[in-house]
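Comments concern the structure below.
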Amino acid sequence: SYRGMGSLGAMQQGAADRYFQDNEGNVDKLVPEGIEGRVAYKGPVTAVIHQLMGGLRASMGYVG
């Protein structure tokens, strides 16, 4: 599974130490910048990378 440092779980387990913030005991005051989750394996990433490269190539054409 993947968990970014801005997820609620990371904040609760002390990610605040990294940013020199006080630990917040009240979960209602924490504002996560993402979610943590688990995604089942869907096969090789080749097709996704191909789509991302195509989108990047097109956007570079738009901006010159």
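Could you go through the stretch 9-24 and let me know if any residue there is surrounded by 10 or more Cβ atoms within 10 Å (Cβ to Cβ), part of a loop (DSSP other than H, G, I, E, B), touching a Leu at 6+ places or on another chain (Cβ under 9 Å) and modelled with pLDDT of 70 or more.
no
What is the number of the single condition among (1) at pLDDT below 75; (2) surrounded by 10 or more Cβ atoms within 10 Å (Cβ to Cβ) that LEU56 does not meet?
Against the list (1) at pLDDT below 75; (2) surrounded by 10 or more Cβ atoms within 10 Å (Cβ to Cβ), LEU56 comes up short only on (1).
Please determine whether any residue of the stretch 32-44 is at pLDDT 80 or above, assigned to a loop (DSSP other than H, G, I, E, B) and among the aliphatic types (A, V, I, L, M). Spell out how you get there, then give the answer.
Step one: filter the stretch 32-44 for residues at pLDDT 80 or above, giving 38-44.
From what is left, the residues that are assigned to a loop (DSSP other than H, G, I, E, B) are 38-44.
Pick out the ones that are also among the aliphatic types (A, V, I, L, M) and you get 39-40.
Looking through the stretch 32-44, at least one residue is at pLDDT 80 or above, assigned to a loop (DSSP other than H, G, I, E, B) and among the aliphatic types (A, V, I, L, M).
The values are calculated or read from the model by the stated rules, or taken from the named source; none is laboratory data. Note that the structure is predicted; figures quoted are calculated from it, not measured. Because the Cβ atoms are built from the backbone with ideal geometry, glycine has one as well, and the counts that use them run over all protein chains shown.
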